[in-house]
Amino acid sequence: MHPDATSPSHRIARVAAHLNPTRPQRAQMEEGAALRPAACRAKGGAPGFKVAVVGAAGGIGQSLSLLMKMNPLVSVLHLYDVVNTPGVTADVSHMDTSAVVRGFIGQQQLEAALTGMDLVIIPAGLPRKPGMTRDDLFNKNAGIVRSICEGVAKSCPNAIVNLISNPVNSTVPIAAEVFKRAGTYCPKRLLGVTTLDVARANTFVAEVLGVDPREVNVPVVGGHAGVTILPLLSQVSPPCSFTPDEISYLTNRIQNGGTEVVEAKAGAGSATLSMAFAAAKFADACLRGMRGDAGIVECSYVASEVTELPFFASKVRLGRGGAEEILPLGPLNDFERAGLEKAKKELSESIEKGVSFMNK
Ligand SMILES: NC(=O)c1ccc[n+]([C@@H]2O[C@H](COP(=O)([O-])OP(=O)(O)OC[C@H]3O[C@@H](n4cnc5c(N)ncnc54)[C@H](O)[C@@H]3O)[C@@H](O)[C@H]2O)c1
Ligand SMILES: O=C(O)C[C@H](O)C(=O)O
């Protein structure tokens, strides 16, 4: 270390170089080392996991970045997007929590953003507008997910991936194909995020029961679109029962929760705040599993043998390697069995669409 390296003037120069880089420093940043406040790292940061948010400047991405910066299990937080990451990074990096925040912008910095990451959370891609289905996003988002997953395969092949971009029922199969082609596929490490369906189910069921939603747990299986979202109201914890009218109301509201938000936002996008909350909750569960905590169970859309379909959302036990165990569906009633058949039909088409996209 330079003898003056810790002198006040040297320390100020170090910080100022980051905040107001000289032209050569800026050029260096643009080559891939952009927006790295490594030299300004606050003391006291605990050891933890390295997490990247890809699509960090978006509606979900910004709130999710904030929430991940608050997570004590995160030691390094990389924020990547194709636009606007400098502002989001500067903003989030001023939070006095321990994670070091670095920002990356544009395809040429994807590799630097992903290298060394333990967990990659992907909320990149277009959201719905009123009148659209999630599948209407396929043409735009399939390519976005493919290129990001190619980056993951190259730069952090052992990272656990939490995939949020819609249509999840097809983007997870696309990601699996990318990883298979790269020779890095491990089904345990690829998890489609369906936590928002569970959050909605818990909320709406708690409203009907008149209890605190934090005390309710509703398994939601199948997938993440319309009839593929299958709440198992016969398996609610704590045990309870519903009238046929309540079952019909709850199933319909849970399956259309996303559309409810899209319509309320009237063209300004889809769920972002509740989604960031749900994604942060799911990422935290993954990190606790990766740390070795026991008994972490969440619903997720994963490679599965629970049905004849290659992908299916159900309860999974999270562990050091990701989805360590896929739990069985448990006993279904007649209403749920009928729902399962409908869900499987649509899911099978969405999975096939994702796989065919990669075979084109
Ligand atoms: N799984 C779920 O439960 C769930 C819930 C809500 C939204 N979503 C989906 O999440 C996605 C994002 O939603 P949003 O509301 O945040 O949208 P948004 O438009 O606000 O943000 C998307 C961000 O992705 C970025 N982006 C686009 N291409 C990229 C690329 N190649 N690499 C990195 N970043 C890229 C954009 O620049 C933008 O900042 C949508 O597809 C939406 O349908 C999923
Ligand atoms: O509904 C959408 O398009 C976004 C998301 O999938 C949701 O469930 O809110």
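The values are calculated or read from the model by the stated rules, or taken from the named source; none is laboratory data. The model shown is predicted, which means the values in this text are computed figures rather than measured ones. All Cβ positions, glycine included, derive from the backbone under ideal geometry; neighbour counts span all protein chains shown. All accessible areas refer to the heavy atoms of the entire protein, side chains included, with ligands and DNA or RNA removed. Shrake-Rupley method; radii C 1.70, N 1.55, O 1.52, S 1.80 Å.
Compute the distance from the alpha-carbon center of segment 53-70 to that of segment 193-259, in whole Å.
Using only Cα atoms, the two centres lie 26 Å from each other.
Along the Cα→Cβ direction, 7 angstrom out, place labels at residue 352 and residue 308. What is the inter-label distance in nm?
A separation of 1.2 nm, rounded to one decimal place.
Of the cross-linked pairs 180/265; 129/345; 69/353; 69/188; 50/345; 129/281, which ones have a Cα-Cα span greater than 32 Å in the structure shown?
180/265; 69/353; 50/345
As a check on your grasp of the helix formula, calculate [θ] at 222 nm for the chain: sum -39500 (n - 2.57) over DSSP H runs of n ≥ 4, divide by the residue count, round to the nearest 500.
Using -39500 (n - 2.57) per qualifying helix, the result is -14000 deg cm²/dmol.
Rounded, prolate or oblate: which one fits segment 45-193, using the alpha carbon gyration tensor with axes a ≥ b ≥ c (rounded when a/c is under 1.5, else prolate when a/b beats b/c, else oblate)?
Because a/c hits 1.5 or more and a/b fails to exceed b/c, segment 45-193 counts as oblate.
Can you bin segment 263-353 into rounded, prolate or oblate? Criterion: square roots of the alpha carbon gyration tensor eigenvalues sorted a ≥ b ≥ c, rounded for a/c under 1.5, prolate for a/b above b/c, oblate for the rest.
oblate
For residue 315, which aspartates and glutamates qualify as cross-link partners when the Cα separation must be under 15 Å and same-chain residues fewer than eight apart are set aside?
197, 298, 305, 324, 325
On the protein heavy atoms, probe 1.4 angstrom, tell me the percent of accessible surface of the chain carried by carbon and sulfur.
Roughly 55 percent of what the probe reaches on the chain is carbon or sulfur.
Compute the separation of the alpha-carbon centres of segment 295-345 and segment 96-152 and state it in Å as a whole number.
25 Å
Using +1 at the Cβ of each Lys and Arg and -1 at the Cβ of each Asp and Glu in segment 120-248, identify which of 137, 217, 201 lies farthest towards the dipole's positive end.
The listed residue farthest towards the positive side: 137.
What is the chain's relative contact order, in percent, from Cα pairs under 8 angstrom and six or more apart in sequence?
This gives 15 percent for the chain.
Evaluate E = 1/(1 + (r/R0)^6) for residue 332 and residue 211, where r is the Cβ-Cβ distance and R0 equals 30 Å; express this FRET efficiency to the nearest 0.05.
Given R0 = 30 Å and the Cβ-Cβ separation, E is 0.80.
Could you pull the Cα extents of segment 194-359 along its three principal axes, largest to smallest, in whole Å?
Here the Cα extents, ordered largest to smallest, are 41, 39, 38 Å.
Output the peptides 270-277, 61-68, 170-177 sorted from most to least packed, where packing is the average of other Cβ atoms within 10 Å over each peptide's residues.
170-177, 61-68, 270-277
Give me the number: length gained by fully extending residue 291 to residue 95, i.e. 0.36 nm times residue separation minus the C-alpha to C-alpha distance, one decimal in nm.
That works out to 68.1 nm of additional length.
Short version: ³J(HN,Hα) in whole Hz for each residue of segment 225-237, in order, from phi by Karplus 6.51 cos²θ - 1.76 cosθ + 1.60 (θ = phi - 60°), x for Gly and Pro, what are they?
Working through the residues one at a time gives 5, x, 5, 6, 7, 10, x, 9, 6, 7, 10, 5, 10 Hz.
How big is the charge dipole of the chain about its Cα centre, in debye rounded to the nearest 20, if each Lys and Arg gets +1 on its Cβ and each Asp and Glu gets -1 on its Cβ?
1220 debye
Mind listing the long-range amide H neighbours of residue 55? Cut-off is under 5 Å, sequence gap 5 or more, other chains count too, H placed in the peptide plane at 1.01 Å from N.
The answer is 80, 81.
Using the basic label-point model (7 angstrom from Cα toward the beta carbon), what is the residue 203 to residue 180 distance in nanometres?
Calculated label separation equals 3.6 nm.
Can you pull a Stokes-Einstein diffusion coefficient for the chain at 10 °C (1.306 mPa s), Rh from Kirkwood over Cα pairs, as a whole number of µm²/s?
In µm²/s, the coefficient rounds to 75.
Excluding ligands and nucleic acids, what accessible area in Å² is computed for residue 334 using a 1.4 Å probe, to the nearest 10?
110 Å²
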